[in-house]
Amino acid sequence: MTTRHDHPGERAGHDPLRLLAVRDAPLSVDEVLAAVGDPSAGGTALFVGTVRDHDAGTDVRALGYSCHPTAEAELRRVAEKIAADYPVRALAAVHRVGDLVVGDLAVVVAVACPHRAEAFAACRRLIDDLKREVPIWKHQTFADGTEEWVGA
């Protein structure tokens with residue numbers, strides 16, 4: 001049997017991309033954390049994005065996320081790039097779509113790596129690239145009646 005190492009995050013027979021999803025149901029930190037459990041990882045970094053009650057000094061009354069049909073494929077592309085650039089043992093990312101309220105989880109991502117520094121770096125890059133490259137848009141309605149699309 002030949003052992004192949006296509007990138008730092010992949011070991012023979014091991015897919016580091018454990019959970020990738022765009023969902024219209026509430027997200028679970030426990031599910032994401034469980035998905036990245038790996039005995040070879042010494043560090044796991046987790047980021048949770050929640051709906052806040054304000055944006056740029058204006059009270060937020062309502063918020064909704066929508067996405068392009070290619071959002072999950074783009075999320076996979078972003079995750080594959082992170083796994084190729086870092087020694088990722090396990091990676092998970094889920095983003096919510098639909099109508100959300102203040103306090104709801106909008107996005108949960110986690111990365112497990114052999115050491116904490118690389119886990120922090122990979123997790124930061126994962127959330128930054130997800131927000132920049134995955135076609136998910138936020139529609140905010142403010143208390144003063146104005147509206148704003150973010151990411152569109």
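The values are calculated or read from the model by the stated rules, or taken from the named source; none is laboratory data. Fair warning: this is a prediction, and the values are worked out from it, not measured in the lab. So basically every Cβ, Gly included, is an ideal-geometry build from the backbone, and we count neighbours across all protein chains shown.
Within segment 116-149, the residues that satisfy the criterion of being more than 17 Å from the chain's Cα centre (by Cα) and without any contact (Cβ under 8 Å) to a residue 40 or more places away in the chain are Gly145, Glu147, Trp149. Just checking, does segment 69-81 include any residue being surrounded by fewer than 21 Cβ atoms within 10 Å (Cβ to Cβ) and of a type in the set (Ser, Thr, Tyr)? Yes: one or more hits.
The criterion of being under 18 Å from Val22 (Cβ atoms) and modelled with pLDDT of 95 or more holds for Asp129.
In the set (1) of a type outside the set (Lys, Arg); (2) surrounded by 15 or more Cβ atoms within 10 Å (Cβ to Cβ); (3) at pLDDT below 95; (4) closer than 26 Å to Lys138 by Cβ, Pro8 fails one condition alone, (4). Residues in segment 51-78 that are of a type in the set (Asp, Glu) and assigned to a strand (DSSP E or B): 2 in all.
Only one residue in Ala84, Ala121, Ala106, Ala143 is surrounded by fewer than 16 Cβ atoms within 10 Å (Cβ to Cβ) and more than 13 Å from Pro16 (Cα to Cα), so which one is that? Spell out how you get there, then give the answer.
On the way: Ala84 fails: more than 13 Å from Pro16 (Cα to Cα); Ala121 fails: surrounded by fewer than 16 Cβ atoms within 10 Å (Cβ to Cβ); Ala106 fails: surrounded by fewer than 16 Cβ atoms within 10 Å (Cβ to Cβ).
So the residue among Ala84, Ala121, Ala106, Ala143 that is surrounded by fewer than 16 Cβ atoms within 10 Å (Cβ to Cβ) and more than 13 Å from Pro16 (Cα to Cα) is Ala143.
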